[in-house]
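Have a look at the structure below before the remarks.
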Amino acid sequence: MNIHEYQAKQLFKARGVPVPDGGAATTEREARELLKEHGPDVVIKAQVHAGGRGKGRVVKRDRASRTYNDLRRDPERHEGQIVGRRRGGVRLASGVEEALKEFRPLMDKDSRLVSVQTGADGVTISAVLIEKQTSIVREYYFSIQVDGANGQPLIVASAEGGQSIEEVNRTNPGAVLRVPVDPVEGFPAFRGRSLANQLGLPSSAIRQAGDMFANLYRVFSEMDASLVEVNPFVLTSEGAVMAIDGKVGLDDNASFRHGGYEAWRDRSQENPTEIEAEEANIGSYIKLDGNIGCVVNGAGLAMATMDTLKLHGGEPANFLDIGTVNRKDRVVEALRIIVNDPDVKTIFINIFGGLARVDIVAEGVVDAVNELNIQQPLVVRLNGSNVEEGRRVLHDSGIAVETADELGDAAALAVEAANSGRRRSRSNN
Amino acid sequence: MSILLNNRTRLMIQGLGNEGQNQIRRSLDYGTRVVAGVHPGFRGGDSFSHANHSFPVFPTVAEAVEQTQANCSIIYVPAPGAADAILENIAAEIPLIVCITEGVPVHDMIRVRTALAGSKSRLIGPNCPGIIQPASNCRVGIHPPDVFMPGNVGVVSRSGTLVYEAVDQLTRAGIGQSTCVGVGGDPIIGEQQQAILRRFNSDPDTDAVVLIGEIGGLAEQAAAAYIKRSMNKPVVAFIAGATAPAGRRMGHAGAIIEGEAGTAEAKIAALEAAGAVISRSPAEIGSTMRRVLEEAGKYQPPGAAE
């Protein structure tokens, strides 16, 4: 789960990581207060979860799709223009009135931030972070992530910050430092000072930088984070270090230790169908661009199902791993969400029961057909635990479904049905 | 008797909730020797019975091991307690631990991996279907038993349902399995694909291996490096998620494209360069392996018992 930059900075500040003075505003009144306190020279930053904010644009809703296509064609098109022309999600301003002029369009309910990562609809801006400008001598990169191969936290740092670290790694790999963390030791300040020294920070900033790194590690471990990234942290003209950006990813699996992370979650940044899917507890759902609605058990099989559809010339409308299905009402709920997606022209159910029982899935499919007004053709492929009972349930119900035993055959049926544009017939006969 | 399991495997189950009970019944039906259960405050009392099988249930792993000499453990404990259960097994020096549980926090797994280093235990999982070895009737997991058949092909996969899918295709193609291992879909797991390949490589009962990977992480590249360096048996590989959008997590915590190396294309290229035979379609894993085995003269038609 991602959180906003202003929230990341609250986590930083609470653990002694230096961040610029400022705060988040959603109303003009709040913005005015912040500007009076931290002005006159401020940075104004749109708060969205999507990446690419700096190179994105803030536009009216009805222009979002056009802007998105422009950006997709030429992602660098607006680089370097953002601040000067006051179009992007990050802006500079001097004085209360000028700053409010920048603030208003960001919080306008008709505005959308569009970047290469937002999709054609763009995203609404949840809040605006207003901060005192920092006088920067040099920009650095710092992150903590989980290194799956070694089963340890990994710190990545570079004196070439403020740009894409992947790009630095590609063009100048020697400039990227990797420090594996011994999880028993953690990342004490002396390790931080050693890293600061390696990054070439001036001697006068090394103690403070070492503390900053150690405190960022506390954020990582205390919050059950999967990622803590500061790009950039800077050396200021006063000789201090400061985190001027902040990105924190939280591990959803650990939410039970943190009250569900409710205080940090922003549902307005999530896809509405995905929220609906989550509330219906039907598993892991992701909306995609195609027209074949998929209901699959297991993440690997769900991905493989998408791959098979594509190989047959089809396009999945979603990824859905319904997980272990041992209640038929979950199948009905899953199908309700798929059926109500206007993009879906065909439904493909692919279940290979292990923990999940195929006969229960089949009963759920029959219930769904009886309860929901399903217009789309339904292709069902069942295999695994209790498959004979499952196939019998489908057959005996008399509902109109197309079935195949093997994955490739079933995918071909689904693609054929989606491309033919036909509707579901009423019965088997 | 192939890898990890054999006919001396003495299984202990930890977590006898409803799902754990259902699954252990199916393992007992399959012929697996289950010697102990561990479940503090187990409602069924001090033993568990199913059909004509029965095993004692203990409050702690240490006591179960002492009383029954269990040498393999399967964990169905819910996510908040799963890491603790694994640590309990490591402390009891259980040689093989299989953790099925989905949703274990990644910071918990960092602690587990630290405890595993230098211990006497090996871990498979978490978030995995477990291990099954048809020839010894050993089912340490949640597999649908009917699709499996004894034979000479090993299977290793990050995804559980793709183990079933691949095995179903193998069995339909007349190819049996030596051992099938689901290593798990999380970013931090116990043994990774590469370690399982190494085991298959020195296993006299395995003539070829199906490797099923997916997007995210670098495990398939490590497997490819091992294949190139040391593997002397054919490997048929499929990578799931070629069509997944970047930046979105596809159910498995590990399945997210985070950069060039995490893409299916990068993994396929690495495996192909290492000499693995790629099945582009997940529907062609069985037929690809059949061809590979026939070319190697290792295709064994199903036994006379068929």
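With labels modelled as points extended 7 Å from the Cα through the Cβ direction, what inter-label distance (nm, one decimal) is found for A:Glu389 paired with A:Arg327?
Going by the 7 Å Cα→Cβ label model, 1.9 nm.
What is the list of residues in the range A:107-138 whose amide nitrogen lies under 15 Å from a point 7 angstrom out from the Cα of A:Arg87, following Cα to Cβ?
Only A:112-116 pass the distance filter.
When B:Asp146, A:Asp224 are ordered from fewest to most other Cβ atoms inside 10 Å of their Cβ, what list results?
Details: B:Asp146 15, A:Asp224 20.
Ranking B:Asp146, A:Asp224 by Cβ neighbours within 10 Å, fewest first, gives B:Asp146, A:Asp224.
Within 10 Å of each residue's Cβ, count the other Cβ atoms and sort B:Arg158, A:Arg66 from fewest upward.
Working: B:Arg158 32, A:Arg66 12.
Ranking B:Arg158, A:Arg66 by Cβ neighbours within 10 Å, fewest first, gives A:Arg66, B:Arg158.
Tell me the label-point distance for the pair A:Glu37, B:Ala261, using the 7 Å Cα-to-Cβ offset, in nm and rounded to one decimal.
Simple spin-label model gives 4.3 nm for this pair.
Using the C-alpha atoms of chain A, what convex hull volume per residue, in cubic angstrom, is computed? Intermediate values should be presented prior to the final figure.
Working: hull volume 71.3 nm³, N = 429.
Normalising the Cα hull of chain A by residue number yields 166 Å³.
Evaluate the distance, in nm, between pseudo-label points positioned 7 Å from the Cα of A:Leu154 and of B:Glu295 along their respective Cα→Cβ axes.
Reported label-point gap for A:Leu154 and B:Glu295 is 3.3 nm.
By how many degrees, 0 to 90 and rounded to 10, does the Cα axis of helix A:328-339 deviate from the longest principal axis of chain A?
Long axis of A:328-339 versus the principal axis of chain A: about 70 degrees.
Arrange the following residues from fewest to most other Cβ atoms within 10 Å of their Cβ: A:Thr273, A:Thr305. Walk me through the numbers before you get to the answer.
On the way: A:Thr273 16, A:Thr305 34.
In order of increasing Cβ crowding within 10 Å: A:Thr273, A:Thr305.
By Kyte-Doolittle mean hydropathy of at least -1.0 and Cα axial length of at least 30 Å, which whole DSSP H helices of chain B are selected? Don't skip to the end; give the middle numbers.
Numbers: long enough: none.
Answer set is empty.
Does chain B come out rounded, prolate or oblate by the C-alpha gyration tensor, with a ≥ b ≥ c the root eigenvalues, rounded set by a/c under 1.5 and, if not, prolate when a/b is larger than b/c and oblate if not? Mind dumping the intermediate values first?
Values: a/c = 1.97, a/b = 1.35, b/c = 1.46.
Taking the square roots of the gyration eigenvalues as a ≥ b ≥ c, chain B is oblate.
Greater than 21 Å separation of Cα atoms is the criterion. Which listed pairs, A:Lys45/A:Lys132; A:Lys310/B:Lys267; A:Lys109/A:Lys287; A:Lys60/A:Lys101, meet it?
Details: A:Lys45/A:Lys132 11 Å; A:Lys310/B:Lys267 19 Å; A:Lys109/A:Lys287 24 Å; A:Lys60/A:Lys101 16 Å.
Exceeds cut-off: A:Lys109/A:Lys287.
Only four residue types carry charge here, +1 at the Cβ of Lys and Arg and -1 at the Cβ of Asp and Glu. Report the dipole size of the protein assembly as shown about the Cα centre in Debye, rounded to the nearest 20. Before the final figure, lay out each step's value.
Working: 77 positive and 89 negative charges, 188 e Å.
For the protein assembly as shown, the charge dipole is close to 900 debye.
When the gyration tensor of the protein assembly as shown is built from Cα positions, what are the square roots of 5 times its three eigenvalues, in whole Å, from largest to smallest? Could you put the intermediate results ahead of the total?
Details: eigenvalues 422, 203, 114 Å².
Square roots of five times the eigenvalues give 46, 32, 24 Å.
Quick check on the protein assembly as shown: helices-only [θ] at 222 nm, where DSSP H runs of length 4 and up contribute -39,500 (n - 2.57) each and the sum goes over total residues. Nearest 500, please. Mind showing how you got there, number by number?
Values: 23 runs with 256 residues, N = 735.
Computed mean residue ellipticity for the protein assembly as shown: -10500 deg cm²/dmol.
Using 1/(1 + (r/R0)^6) with R0 = 35 angstrom and r between the beta carbons of A:Arg265 and B:Arg25, what's the FRET efficiency to the nearest 0.05?
Numbers: r = 39 Å, r/R0 = 1.13.
Approximately 0.35, to the nearest 0.05.
Pulled fully out, how much extra length does the chain show between A:His258 and A:Leu372, if you take 0.36 nm times their separation in residues and subtract their Cα-Cα distance? Walk me through the numbers on the way to the answer.
Working: separation 114, 0.36 × 114 = 41.04 nm, distance 3.76 nm.
Extending this stretch completely gives an extra 37.3 nm.
Using alpha carbons only, what's the Rg to Rh ratio of the range A:271-420 with Rh from Kirkwood?
Numbers: Rg = 13.4 Å, Rh = 14.6 Å.
Rg/Rh for the range A:271-420 comes to 0.92.
Using Cα atoms only, what is the angle between the long axis of helix A:358-371 and the major principal axis of chain A, expressed in degrees (0 to 90) to the nearest 10?
The angle comes out near 90 degrees.
Once the principal axes of the Cα atoms of the range A:331-385 are found, what is the range along each, listed largest first in whole angstroms?
32, 18, 14
Please compute the net charge surrounding A:Ala25, taking Lys and Arg as +1 and Asp and Glu as -1 over other residues with Cβ under 13 Å from its Cβ. Please list the in-between numbers first.
Details: positive: A:Arg29, A:Arg32, A:Lys36, A:Lys45, A:Arg104; negative: A:Glu28, A:Glu30, A:Glu33, A:Glu37, A:Glu102, A:Glu131.
Neighbour charge sum, excluding A:Ala25 itself: -1.
Sorted from largest down, what three extents in whole angstroms do the Cα atoms of the range B:11-124 have along their principal axes?
Rounded to whole Å, the extents work out to 41, 27, 26 Å.
Take the alpha carbon gyration tensor of the range A:247-290, find the square roots of its eigenvalues, order them as a ≥ b ≥ c, and report rounded if a/c is under 1.5; if not, report prolate when a/b exceeds b/c, else oblate.
Details: a/c = 2.04, a/b = 1.64, b/c = 1.25.
Judged from the Cα gyration tensor, the range A:247-290 comes out prolate (a/c at least 1.5, a/b above b/c).
May I ask you to give the average projected area over all directions of the convex hull of the Cα atoms of the range A:216-348, in nm² rounded to one decimal?
Values: hull surface 45.7 nm².
Directional mean of the projected Cα hull area for the range A:216-348 stands at 11.4 nm².
Coordinate-derived values only; no laboratory data. Please read these numbers as outputs of a predicted model, since none were measured by experiment. A quick note on method: Cβ atoms are made from the backbone with ideal geometry, for glycine too, and the neighbour counts reach across all protein chains shown.
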